[in-house]
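Novice: Below: one structure in structure tokens.
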Amino acid sequence: MKKIHLSRLAMWSAACAFSALTLNSSLAQQSNAAASQSGLQPLPPVVVNQPEARRRATVAPRRTPRAIRSAAASRAPVAKRDAPFVENPRGAIQGYVANRSMAGTKTNTPINETPQSISVIGAEQIRDQKPSRFDQILSYTPGVVGGTFGNDVRNDWFLIRGFKSNDNSTFLDGMQLFSTSYATWKLQPFNLERVEVLRGPSAILYGGSSPSGIVNAVSKMPPAEPIRYIEAGVDNYGNSYVGFDIGGPVAMAPENGKLSTRLVGRFQGGDTQTDYTQDNNFFIAPSLTWKPDADTSFTLLASASQNNTRGQNFLPYVGSVVDAPFGRIGTSIFTSEPSIDTFRRTQEMVGYQFERNLSDNVTFRQNARYAHVDVKYSTLYGFGYATTPAAANMTRFNFLAQNGADQATLDNQLEYRFNTGAFSHTALFGLDLKHYSIDDLQKFSFGTPINLVNPVYTPTAEASGPFRDVTLSQKQVGFYMQDQIKLDRFTLVLSGRNDWVSTNNDNHAGAGQSRDDSKFSGRAGLIYNFDNGLAPYVSYATSYNPVVGLNGTTLQLPETGQQTEVGVKFQPVGFDGHFGVALFDLKRQNVLTTDPLNPLRSIQNGEVTSRGLELEAVANLAPGFKVVGSFTTYNIFVSKDLDPTLVGTVPTATPKQLASGWADYTFQEGALRGFGFGGGVRYVGASFANTANTLPVPSRVLGDAAVHYEWQNWRLALNVSNLTDEIYVATCSQAEACFYGDRRRVTASVGYKW
């Protein structure tokens, strides 16, 4: 394993420096806080960095010298706090409704003018629903299934349009957080301003990713107005936390521009629904934004976190999904050994976002990040019954993984806005570079069985038998171009990209390998915006995903994909909300298939097809009244496989229907002013535990509820997930690997701002 780098020490030093700067600015602002100590105020406040107003003329006008502009700005009247909300596509949204996003085009584009399915979950919805993990944020989003590994607190798992996507389609601030083997990343819901789900092939702009789409988490950024917020809470398992969010502008001389900072952190520890398993983690995320003038912005983002927990139970189908002779396995059982079982992750990131308006028509952006993660995972995992289910003895394998991964990303964008006759163009030229490497050491040995009715734990040594010892690395260079062409109410989006990829396997136990690949991918989408808010669209896109992984001892081939999508978006005039309908036909190609003549050998010539319908509705119906709803149904099946008996079957752990709805209301007037409540229902359809589709995993209906009260600077809340305490199996990846879902969780919290 790699030792701690000097760069990681620098990250911790930067975190301390940013913390001091943020806290000092906060103390300097406290004298202004007394005036806001009375009256009802929502917590935490919605703070938006409003973009500087710019003229977009074909020929840039003569610019006023910066010194004169600064002097004029200092004499300008101070804007009122109740100014109309202006949405920043990389910032907060009002209520539950987002109107703009950069996810689909990498430019500031209305969602209703983007010919692709986009859903946005804002910080207010995250606060109201209080998810305990990142994948739970996606529970009310069409086309997405979160928590597909059950009540696993180690990692976040989700499917998009039926395809596993958490490993290669998790993005933070527009840049990928790729994971393979056990070197996974952890995102913190408390540190997110919004989460954007872009469904359908997106590699044209983002590089290697699943053809199903991406999930882009947007970090909280330094605010233009002061924020001072602290929150504490505890759940029914005794897992408690304290979080804080402090930041605001720092006083500077006018000629030095504007500086603002932010410090977000959270400390959490305590038990979970599984015996011997705690969920202990902390993170701290300092950030800084400097705007030397109206045309330039530089934001520095850093974070450090540590997670300590234990592995997930691998349970047999008989005894979890259906009764065994002894009944059902308990949901709290711990099937590993407390003496050795551990999952420990240490993660650090540092990066920046730079934007410069070169003229009224040209903008340059550069985003960069370096991230490092270390994971140690030691466990005994189950693999079916040792003899018969009646004996209740489960076979266990002893496993150890030590992973260290580094990822560096640089994305350069040049946006050029111009006209050609009746056509207006927003052209984008991009060059991104990625480098990923992982030291992957794994060990394996046979363990002793454990009784699932009366487990007895015995001190055990960690696995010692060598299984894998490799260093995998991949370099990717991508050049992309895009043109958003507008003619009256038509918008045509044309995108193209070529990737050059070099992948290397340094096998420490044998001969190494390398391969070079290159591929073009493209997208064409057309949308028409009627005056009444109706916007039908059609799009076609291809996808390219260079896999970082091994097929046995051989480097895997890149995967490809293609999709056709037609849909309608509707944003009624005068209505604060929107509706969406999407029909799609999606194919994932070069999928691993098992050789029927050699079950230990896999070949990449398979194909899986997903065809479906998605419905979405989100609205701020009235002051304090917010709703979201979704419905998804698709036909996902194996369309090509070496085993002809599998063609037409549904992949394991893949439900085909989803539905959800959530509403939250807060009284605005009268004696109940500040009191609110919310609730939701989630339906996840049936899936299968084996490739032959003979072992069904039942569907489930789960309810959630919330009660909250805001008074002056306080916010009290009680959130309940899985209200009826439904006991269910989330999925089974095979008959020997089934995973219980989350039991009822009751979380009480109190927040205060000053």
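Novice: Hey, does region 398-405 have a residue that's open to solvent by 10 Å² or more (accessible area, probe 1.4 Å) and either within 25 Å of LEU492 (Cβ to Cβ) or hydroxyl-bearing (Ser, Thr, Tyr) (or both)?
Specialist: Scanning region 398-405 turns up no residue that is open to solvent by 10 Å² or more (accessible area, probe 1.4 Å) and either within 25 Å of LEU492 (Cβ to Cβ) or hydroxyl-bearing (Ser, Thr, Tyr) (or both).
Novice: Any residue in region 513-539 that is on the phi > 0 side of the Ramachandran plot sitting within a Cβ distance under 8 Å of a residue that is in a loop (DSSP other than H, G, I, E, B) and surrounded by 15 or more Cβ atoms within 10 Å (Cβ to Cβ)? List the pairs, counting only those 6 or more apart or interchain.
Specialist: Close Cβ pairs (under 8 Å, with a partner that is in a loop (DSSP other than H, G, I, E, B) and surrounded by 15 or more Cβ atoms within 10 Å (Cβ to Cβ)) amount to GLY533/GLN571.
Novice: Residue check: is ARG310 open to solvent by 30 Å² or more (accessible area, probe 1.4 Å), modelled with pLDDT of 95 or more and in contact with a Phe, Trp or Tyr (Cβ under 8 Å, 6 or more places away or on another chain)? Spell out how you get there, then give the answer.
Specialist: Numbers: open to solvent by 30 Å² or more (accessible area, probe 1.4 Å): yes; modelled with pLDDT of 95 or more: yes; in contact with a Phe, Trp or Tyr (Cβ under 8 Å, 6 or more places away or on another chain): yes.
Here the answer is yes, as ARG310 does meet what is asked.
Novice: When ARG515 is evaluated against the numbered criteria (1) under 29 Å from TRP662 (Cα atoms); (2) in contact with a strand residue (DSSP E or B) (Cβ under 8 Å, 6 or more places away or on another chain), which criterion, by number, is the only one it fails?
Specialist: Here ARG515 clears every test but (1).
Novice: A further question on this structure: Is it fair to say GLN482 is closer than 22 Å to ALA183 by Cβ and either among the polar types (S, T, N, Q) or outside any strand (DSSP E or B) (or both)? Walk me through how you get there before you give the answer.
Specialist: Values: closer than 22 Å to ALA183 by Cβ: no; either among the polar types (S, T, N, Q) or outside any strand (DSSP E or B) (or both): yes.
Here the answer is no, as GLN482 does not meet what is asked.
Novice: Across region 626-640, what is the number of residues that are surrounded by 16 or more Cβ atoms within 10 Å (Cβ to Cβ) and farther than 20 Å from THR593 by Cβ?
Specialist: The qualifying residues number 8.
Novice: Within region 501-514, is there a residue that is within 30 Å of LEU487 (Cα to Cα), under 28 Å from the mean Cα position of the chain (by Cα) and open to solvent by less than 30 Å² (accessible area, probe 1.4 Å)? Explain how you work it out, then say what you get.
Specialist: Residues of region 501-514 within 30 Å of LEU487 (Cα to Cα): none.
No, there is no match, as no residue in region 501-514 is within 30 Å of LEU487 (Cα to Cα), under 28 Å from the mean Cα position of the chain (by Cα) and open to solvent by less than 30 Å² (accessible area, probe 1.4 Å).
Novice: Here are the criteria: (1) touching a Lys or Arg at 6+ places or on another chain (Cβ under 8 Å); (2) of a type outside the set (Asp, Glu); (3) open to solvent by 20 Å² or more (accessible area, probe 1.4 Å). Tell me which single one TYR96 does not satisfy.
Specialist: (3)
Novice: Now for a different question. Say whether the condition of being touching an Asp or Glu at 6+ places or on another chain (Cβ under 9 Å), over 28 Å from TYR352 (Cα atoms), of a type in the set (Val, Ile, Thr) and surrounded by 23 or more Cβ atoms within 10 Å (Cβ to Cβ) is met by at least one residue in region 151-173.
Specialist: Scanning region 151-173, I find at least one residue that is touching an Asp or Glu at 6+ places or on another chain (Cβ under 9 Å), over 28 Å from TYR352 (Cα atoms), of a type in the set (Val, Ile, Thr) and surrounded by 23 or more Cβ atoms within 10 Å (Cβ to Cβ), so the answer is yes.
Novice: Give me the residue from region 350-397 that is buried (at least 16 other Cβ atoms within 10 Å of the Cβ) and basic (Lys, Arg) and, out of that set, nearest to LEU428 (Cα to Cα).
Specialist: Per the criteria, the residue is ARG365.
Novice: Which of the residues belonging to region 334-349 are β-branched (Val, Ile, Thr) and open to solvent by 20 Å² or more (accessible area, probe 1.4 Å)? Before you say what the answer is, go through the steps one by one.
Specialist: Going through region 334-349, the residues β-branched (Val, Ile, Thr) turn out to be 335, 340, 342, 346.
Across region 334-349, the qualifying residues are THR342, THR346.
Novice: Among the residues of region 560-577, write down those that are open to solvent by less than 20 Å² (accessible area, probe 1.4 Å) and within 30 Å of GLY512 (Cβ to Cβ).
Specialist: GLY561 - this is the single residue of region 560-577 that is open to solvent by less than 20 Å² (accessible area, probe 1.4 Å) and within 30 Å of GLY512 (Cβ to Cβ).
Novice: Do you know which residues across region 466-479 are open to solvent by 20 Å² or more (accessible area, probe 1.4 Å) and small (Gly, Ala, Ser)? Talk me through it step by step, then tell me what you get.
Specialist: Just the residues of region 466-479 that are open to solvent by 20 Å² or more (accessible area, probe 1.4 Å), to begin with: 466-469, 471, 473, 475, 477, 479.
Answer for region 466-479, where residues must be open to solvent by 20 Å² or more (accessible area, probe 1.4 Å) and small (Gly, Ala, Ser): just SER473.
Novice: Identify the residue in region 538-557 that is at pLDDT below 90 and outside any strand (DSSP E or B) and, among all such residues, is most open to solvent (accessible area, probe 1.4 Å). Talk me through it step by step, then tell me what you get.
Specialist: Taking region 538-557 first, the residues at pLDDT below 90 are 547-557.
Going one step further and asking which of them are outside any strand (DSSP E or B), we end up with 547-549, 552-553, 556-557.
Details: VAL547: 27, VAL548: 7, GLY549: 9, GLY552: 54, THR553: 92, GLN556: 29, LEU557: 65 Å².
Once the filter is applied, the top-ranked residue is THR553.
Novice: Provide a single number: the residues in region 674-693 that are under 30 Å from ASN713 (Cβ atoms), in contact (Cβ under 8 Å) with a residue 60 or more places away in the chain and either hydrophobic (A, V, I, L, M, F, W, C) or in a strand (DSSP E or B) (or both). Before you say what the answer is, go through the steps one by one.
Specialist: Residues of region 674-693 under 30 Å from ASN713 (Cβ atoms): 674-680.
Then keep just the ones that are in contact (Cβ under 8 Å) with a residue 60 or more places away in the chain; that gives 674, 678, 680.
Those still in the list that are either hydrophobic (A, V, I, L, M, F, W, C) or in a strand (DSSP E or B) (or both) too: 678, 680.
Qualifying residue count for the region: 2.
Novice: Among the listed residues PRO572, PRO599, which satisfies the condition of being more than 15 Å from TYR634 (Cβ to Cβ) and in a loop (DSSP other than H, G, I, E, B)? Give the steps one after another, and end with the answer.
Specialist: Values: PRO599 fails: in a loop (DSSP other than H, G, I, E, B).
Only one candidate qualifies: PRO572.
Novice: Could you tell me how many of the residues in region 314-346 are within 24 Å of the chain's Cα centre (by Cα) and touching a residue at least 60 places away in the same chain (Cβ under 8 Å)? I'd like the intermediate steps shown before the answer.
Specialist: We begin by selecting, within region 314-346, every residue within 24 Å of the chain's Cα centre (by Cα); these are 343-346.
If we keep only those that are touching a residue at least 60 places away in the same chain (Cβ under 8 Å) too, we end up with 343, 345.
Residues in region 314-346 being within 24 Å of the chain's Cα centre (by Cα) and touching a residue at least 60 places away in the same chain (Cβ under 8 Å): 2 in total.
Novice: Quick test of your reading of the structure: SER210 fulfils all but one of (1) open to solvent by 10 Å² or more (accessible area, probe 1.4 Å); (2) assigned to a loop (DSSP other than H, G, I, E, B). Name the failing condition by number.
Specialist: Unmet for SER210, out of (1) open to solvent by 10 Å² or more (accessible area, probe 1.4 Å); (2) assigned to a loop (DSSP other than H, G, I, E, B): (1).
Novice: Anything in region 641-673 that is more than 13 Å from ALA692 (Cα to Cα), open to solvent by 50 Å² or more (accessible area, probe 1.4 Å) and without any contact (Cβ under 8 Å) to a residue 40 or more places away in the chain? List them, or say none.
Specialist: GLU669, GLY670, ALA671, LEU672
Yes or no, residue by residue, for (1) open to solvent by less than 60 Å² (accessible area, probe 1.4 Å); (2) at pLDDT 95 or above; (3) hydrophobic (A, V, I, L, M, F, W, C); (4) within 30 Å of the chain's Cα centre (by Cα):
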site: LEU431; (1), (2), (3), (4): no, yes, yes, yes
site: HIS435; (1), (2), (3), (4): no, yes, no, yes
site: PRO449; (1), (2), (3), (4): no, yes, no, no
site: PRO455; (1), (2), (3), (4): yes, yes, no, no
site: GLU462; (1), (2), (3), (4): no, yes, no, no
site: MET481; (1), (2), (3), (4): no, yes, yes, yes
site: VAL493; (1), (2), (3), (4): yes, yes, yes, yes
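Novice: Is there any pair linking a residue in region 347-374 that is touching a residue at least 40 places away in the same chain (Cβ under 8 Å) to one that is β-branched (Val, Ile, Thr), with Cβ under 6 Å and at least six apart or on different chains, and which?
Specialist: From residues that are touching a residue at least 40 places away in the same chain (Cβ under 8 Å), the pairs are GLN347/VAL373; GLN353/THR299; ARG356/THR296; ASN357/THR363; ARG369/THR409; TYR370/VAL350; ASP374/THR346.
Novice: Within region 212-222, track down each residue that is in contact with a Gly (Cβ under 8 Å, 6 or more places away or on another chain) and either at pLDDT below 95 or polar (S, T, N, Q) (or both).
Specialist: As a first pass, look at region 212-222 and keep what is in contact with a Gly (Cβ under 8 Å, 6 or more places away or on another chain): 212-213, 216, 218, 221-222.
Across region 212-222, the qualifying residues are SER212, ASN216.
Novice: From (1) modelled with pLDDT under 95; (2) not in a helix (DSSP H, G or I), pick out the condition that doesn't hold for THR645.
Specialist: The one condition THR645 does not meet is (2).
Novice: Looking at region 711-722 only, could you name the residues that are over 25 Å from the mean Cα position of the chain (by Cα) and surrounded by fewer than 20 Cβ atoms within 10 Å (Cβ to Cβ)? Please lay out each step first, then the result.
Specialist: Restricting attention to region 711-722, the residues satisfying the condition of being over 25 Å from the mean Cα position of the chain (by Cα) are 711-716.
Within region 711-722, TRP711, GLN712, ASN713, TRP714, LEU716 qualify.
The values are calculated or read from the model by the stated rules, or taken from the named source; none is laboratory data. Just so you know, these numbers come straight off a predicted model, no measurement behind them. Neighbour counts are summed over all protein chains in view; Cβ atoms, including those assigned to glycine, are modelled from backbone coordinates with ideal geometry. Accessible surface is based on the protein model in full, side chains and every heavy atom, while ligands, DNA and RNA are left aside. Shrake-Rupley method; radii C 1.70, N 1.55, O 1.52, S 1.80 Å.
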